[in-house]
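One structure is given here, and the rest of the page talks about it.
The values are calculated or read from the model by the stated rules, or taken from the named source; none is laboratory data. Since we're looking at a predicted model, the values are computed, not measured. Glycine also receives a Cβ, built like all others from the backbone with ideal geometry; neighbour counts cover every protein chain displayed. When the accessible area is computed, the model is the full protein with side chains, heavy atoms only, and any ligands, DNA or RNA have been set aside. Shrake-Rupley method; radii C 1.70, N 1.55, O 1.52, S 1.80 Å.
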Amino acid sequence: MKKTYGIVLIGCGHIGESHIEDIYYRDGIRIVGVVDLVEEQAQAFARKYGALSYGTDYRPYLTREDVDIVIIATYAGSHFAILKDCLAAGKHVLCEKPMTAANFHDAHRFYELVKASGPKVLIAHVLRHNQTYHHAAKLIQEGAIGDIRLIRMAQNHHTLEPKRYQSLLHDCPPIVDCGVHYIDVIRWFTGLSITSIAGVGTAIHTKPPIYDHGILTMTLSNGASAYYEAGWSKSMASENLKEFIGTRGRIRITLKENRLFDREEGDLLEYYFAEEGVYHTINIPSKYKNMWAQLLTLIEMVETDREGSPTLDEAYEAFCIALLGDRAIRENRTISVPSSLADFSTVLS
Ligand SMILES: NC(=O)c1ccc[n+]([C@@H]2O[C@H](COP(=O)([O-])OP(=O)(O)OC[C@H]3O[C@@H](n4cnc5c(N)ncnc54)[C@H](O)[C@@H]3O)[C@@H](O)[C@H]2O)c1
């Protein structure tokens, strides 16, 4: 790292805490300020993580020369307005996914603005910085399970904080909010495109048109199938399924907190090699949300002018496909996914 970076965190909630707790004590990092609309929340974070100041308005921080990087960890609907202010002030940005609320117009403006901006912007797809996911990606890309034929993924939350989820649901259904991660994972792991998307959504505790549970079904460019299920409900059990099935076997990721045994060994990658009928157990002591590695990726972008992971195009594409999934559910039809980024404007405008 070429210098000490002054950081401001905007949004002292659930994911804001995951960011700050992993970075506040690191060499080369100075937490200049923490901001939340709820002053007590910002104050509590400042005390706990030794921030030099706190406030309810981020704007005064943008004029300070000792601020280099802003972490945007507020709700999706506010990301674009805050991003615009940060870039106008010349600050680099680590912005939580999804890029914006479920609204293509804003997402497109976000994309165009970042493309044209001098300061660097990384969209926080934290799985891109997770060692277990990297290991699984490598095995699949090396052909360990042959040609991918089926991807099964579910990420349901038994919600014990209804207020937080109401705010998130106001901006995006769960298949968009969490779905952007897993649409990106499909593309990253397989190198295949998603060619069509359909789905169903249901309102368990919400009132339509807002739906708090959805299932996306997707066809990949080699003809394989994938599905992704996401729901936030006090009635549902939490569930985390990530399984990749190919012509020669399968790989399943089980996070360490979901392991029945040997949790201390870390995440479990279960790799079944069908041709020999052999199971391989790979333990990976990986951090689920590696916010430090993610921030270092942004710092590397700043220092070397490299692209981030995901690249802006990859994050934008994942978001656009999630929006198409939302539309497919609302209109009860299967939608073809454009093969070029430019064509999303035609389909989604
Ligand atoms: N990458 C991940 O794994 C992951 C996980 C959870 C949430 N998220 C994303 O993070 C974002 C926030 O979600 P959360 O679960 O942390 O919500 P949260 O309710 O826990 O926290 C959001 C905080 O932002 C504050 N806030 C809202 N608008 C603000 C503004 N304009 N200025 C300052 N503070 C403001 C709220 O008061 C609240 O404290 C969402 O975009 C969500 O999709 C990402």
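Annotation: amide H-H contacts under 5 Å for H280 (H modelled 1.01 Å from N, sequence separation of 5 or more, or interchain): Y271, Y272, F273. Note on the chain: the C-alpha convex hull projects to 17.6 nm² when averaged across all orientations. Beta-bridge orientation, the chain: approximately 60 percent antiparallel, per DSSP, counting only bridges with both partners inside. Each 10 Å bin, from zero up to the one with the longest distance, holds this percent of the alpha carbon pairs of region 123-229: 13, 41, 31, 13, 1. Put simply, the amide H of G249, placed in the peptide plane, has neighbours under 5 Å in A274, leaving out anything fewer than 5 places away on its chain. Residue-normalised convex hull volume from the C-alpha trace of region 5-124: 90 Å³ per residue. Helical runs (DSSP H, four residues minimum) scored at -39500 (n - 2.57) apiece and divided by the length of the chain put the mean residue ellipticity at 222 nm at -11000 deg cm²/dmol. By definition, a body whose alpha carbon gyration tensor gives a ≥ b ≥ c is oblate when a/c is 1.5 or more and a/b is not larger than b/c, and region 94-135 fits this oblate description.
Applying the Karplus relation 6.51 cos²θ - 1.76 cosθ + 1.60 with θ = phi - 60° to region 237-252 yields 3J(HN,Hα) values of 7, 5, 8, 9, 10, 9, 9, 10, 10, x, 5, 10, x, 8, 10, 10 Hz, where x marks Gly and Pro. Summary of packing: across the peptides 91-99, 36-44, 272-280, 9-17, the per-residue average of other C-beta atoms within 10 Å ranks them, highest first, as 91-99, 9-17, 36-44, 272-280.
Here the chain exposes an accessible surface that is 49 percent carbon and sulfur, computed with a 1.4 Å probe and the other protein chains kept in place. When only DSSP loop residues count, what trypsin sites (Lys or Arg not before Pro) in region 234-317 have their Cβ near at most 11 other Cβ atoms within 10 Å? Listed in order of number, the matching sites amount to none. Computed from backbone phi, the HN-Hα couplings of region 342-349 come to 4, 6, 4, 4, 5, 6, 9, 5 Hz, rounded to whole numbers (Karplus: 6.51 cos²θ - 1.76 cosθ + 1.60, θ = phi - 60°; Gly and Pro given as x). Of interest is the spacing of the C-alpha centroids, which for region 276-349 and region 113-161 amounts to 6 Å.
The phi-based Karplus calculation (6.51 cos²θ - 1.76 cosθ + 1.60; θ = phi - 60°) puts the 3J(HN,Hα) values of region 334-340 at 8, 10, 6, 8, x, 8, 10 Hz, whole numbers, x for Gly and Pro.
Ordered by 1.4 Å accessible area with all protein chains kept, H129, H108, H158 run largest first as H158, H108, H129.
Once the Cα atoms are used to define both axes, helix 104-115 deviates from the longest principal axis of the chain by about 70 degrees. For a label point 7 Å from the Cα of R26 along Cα→C-beta, name the residues of region 276-311 whose backbone N is under 11 Å from it. Counting backbone N atoms under 11 Å from the label point, the list is 290-300.
With an 8 Å cut-off on Cα pairs and a minimum separation of 6 or more residues, tell me the relative contact order of the chain in percent.
Reported relative contact order: 17 percent.
Applying a DSSP loop filter and a limit of 13 other Cβ atoms within 10 Å to the chymotrypsin sites (Phe, Trp or Tyr not before Pro) in region 1-54 leaves Y25. Take the chain with all the other protein chains still there, run a 1.4 Å probe, and you get 44 Å² of accessible area per residue.
In plain terms, the chain from D57 to L37 could stretch by 6.5 nm, reckoned as 0.36 nm per residue minus the Cα-Cα distance.
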